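For reference, the structure is listed below as structure tokens.
The values are calculated or read from the model by the stated rules, or taken from the named source; none is laboratory data. Treat the numbers as computed from the prediction; the structure is a model and nothing was measured. Glycine also receives a Cβ, built like all others from the backbone with ideal geometry; neighbour counts cover every protein chain displayed. These accessible areas exclude ligands, DNA and RNA; they are computed on the full protein's heavy atoms, side chains included. Shrake-Rupley method; radii C 1.70, N 1.55, O 1.52, S 1.80 Å.
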Amino acid sequence: MTPTDPVGRPAVIELRQYTLRPGRREELIELFDQEFVETQEEAGMFVLGQFRDLDAPDRFVWLRGFRDMAARHRALTAFYDGPVWAKHGPQANATMIDSDDVLLLRPLPEEDGFALSPSERPRVGAPAPDRFVSATVWSFPPGRPDGVALFRDGLLPVLHTTGPAPLAALTTETAHNTFPRLPVRSRENVAAVFTSYPDESTYRQHLADVQAHPLARDELLPGIEREQTAAPRILRLAPTGRSVLS
């Protein structure tokens, strides 16, 4: 991606969740927002969103995207072998305990996925937007399509009719990780939805409306529960000042 791209819609997305050393999240956010946004985009990536995890003070969550898996390899090679990471990477790594909790995702069929307009990105030092972003990730047995299909064909339409349209609805990208220097969680089979709300109370009302919806209550949610391998992971996220997803 170049700064002249009016809108980008990545076909491959990384959901990255970092566990940081106690008290160092703000240090990483400041470094990231100053040094790792435009420079990653110049290497060919989409920097989609950066978030504070509201349930874990030492967790940093962010999303980046790529046009395809070949573009991912080129962009990651260019950035991590380049001068910006050589200069600032050691400081970033020093804030982290674990950076390997990474899901490789793609938009569900018939879904557009995330839309990114670089011109809408706030400046360095901008205040964090007063928004609440939720991400829910359902995990299903590898190789079994039924759970993702229940989400895609049943629950996702209910989400659209009961609240704000999701920012994106995604599933696992099954292609081989072409950049093994950065691990991703393999053998995953997930469905994930990201939605933005003006505040958490609006999110909770939307959740209650979904749970009370007759089709969701009686068929879809029980069906997904039967298929899932664990309870869904719910991320309560606060966008940072430079996140374009908010």
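Return yes when Ala70 is of a type in the set (Gly, Ala, Ser) and open to solvent by 40 Å² or more (accessible area, probe 1.4 Å) and no when it is not. Even if it seems obvious, please write down each step before you answer.
Working: of a type in the set (Gly, Ala, Ser): yes; open to solvent by 40 Å² or more (accessible area, probe 1.4 Å): yes.
In short, yes.
Looking for whichever is surrounded by fewer than 17 Cβ atoms within 10 Å (Cβ to Cβ), polar (S, T, N, Q) and out of contact with any Phe, Trp or Tyr (no Cβ under 7 Å at 6 or more places or on another chain) here; the options are Ser196, Ser201. Which one fits? Let's see the steps before the verdict.
Values: Ser196 fails: surrounded by fewer than 17 Cβ atoms within 10 Å (Cβ to Cβ).
Result of the check over Ser196, Ser201: Ser201.
Sort out which residues of the range 1-32 are open to solvent by 20 Å² or more (accessible area, probe 1.4 Å) and at pLDDT below 95, and write them in order of number. Please lay out each step first, then the result.
The first filter runs over the range 1-32 and keeps only residues open to solvent by 20 Å² or more (accessible area, probe 1.4 Å), leaving 1-7, 9, 11, 19, 21-27, 30.
The answer is Met1, Thr2, Pro3, Thr4, Asp5, Pro6, Val7, Arg9.
So the check is Cβ under 8 Å with 6+ separation or different chains; which pairs have a first residue in the range 117-129 that's assigned to a helix (DSSP H, G or I) and a second one that's among the hydrophobic types (A, V, I, L, M, F, W, C) and surrounded by fewer than 16 Cβ atoms within 10 Å (Cβ to Cβ)?
From residues that are assigned to a helix (DSSP H, G or I), there are no pairs.
Scan the range 204-216 for residues that are open to solvent by less than 50 Å² (accessible area, probe 1.4 Å) and of a type outside the set (A, V, I, L, M) and jot them down.
Initial filter on the range 204-216 (open to solvent by less than 50 Å² (accessible area, probe 1.4 Å)): 206, 208, 210, 216.
Listed by number, the list holds a single entry, His206.
Considering only residues that are of a type in the set (Gly, Ala, Ser) and buried (at least 18 other Cβ atoms within 10 Å of the Cβ), look in the range 33-67 and name the one that is farthest from Val133 (Cα to Cα).
So the first thing to find is which residues in the range 33-67 are of a type in the set (Gly, Ala, Ser), and the list is 43-44, 49, 56, 65.
Narrowing further to those that are buried (at least 18 other Cβ atoms within 10 Å of the Cβ): 43-44, 49, 65.
On the way: Ala43: 27, Gly44: 26, Gly49: 10, Gly65: 18 Å.
Ranking the qualifying residues of the range 33-67, first place goes to Ala43.
Report, by residue number, each residue of the range 124-155 that is among the hydroxyl-bearing types (Ser, Thr, Tyr) and open to solvent by 10 Å² or more (accessible area, probe 1.4 Å).
So in the range 124-155, the residues among the hydroxyl-bearing types (Ser, Thr, Tyr) come out as 134, 136, 139.
Thr136, Ser139, listed by residue number.
Glu110 fails exactly one of the following numbered conditions: (1) more than 22 Å from Thr39 (Cα to Cα); (2) at pLDDT 95 or above. What is the number of that condition?
The failed condition is (2).
Residues of the range 146-183 being in a strand (DSSP E or B) and either at pLDDT below 95 or in contact with a helix residue (DSSP H, G or I) (Cβ under 9 Å, 6 or more places away or on another chain) (or both), which ones? It would help to see each step written out before you state the result.
If we filter the range 146-183 for residues that are in a strand (DSSP E or B), which is where we start, we get 168-172.
Ala169, Thr171, Thr172 - these are the residues of the range 146-183 that are in a strand (DSSP E or B) and either at pLDDT below 95 or in contact with a helix residue (DSSP H, G or I) (Cβ under 9 Å, 6 or more places away or on another chain) (or both).
Please go through the range 95-120 and pick out each residue that is of a type in the set (A, V, I, L, M) and either touching an Asp or Glu at 6+ places or on another chain (Cβ under 9 Å) or crowded, with 19+ Cβ neighbours inside 10 Å (or both). Even if it seems obvious, please write down each step before you answer.
Of the range 95-120, the ones of a type in the set (A, V, I, L, M) are 96-97, 102-105, 108, 115-116.
Within the range 95-120, Ile97, Val102, Leu103, Leu104, Leu105, Leu108, Leu116 meet the criteria.
Can you list the helices (runs of 4 or more DSSP H) lying wholly within the range 1-87 that have 3 or more residues being in contact (Cβ under 8 Å) with a residue 60 or more places away in the chain and closer than 19 Å to Glu120 by Cβ? Don't jump to the end; show me each part of the working.
On the way: elements: 25-35, 38-42, 69-80.
Here the list reads 25-35.
May I ask you to list the residues in the range 91-113 that are closer than 26 Å to Ala238 by Cα and over 16 Å from the mean Cα position of the chain (by Cα)? Spell out how you get there, then give the answer.
Restricting attention to the range 91-113, the residues satisfying the condition of being closer than 26 Å to Ala238 by Cα are 91-108, 111-113.
Matches in the range 91-113: Gln91, Ala92, Asn93, Ala94, Thr95, Met96, Ile97, Asp98.
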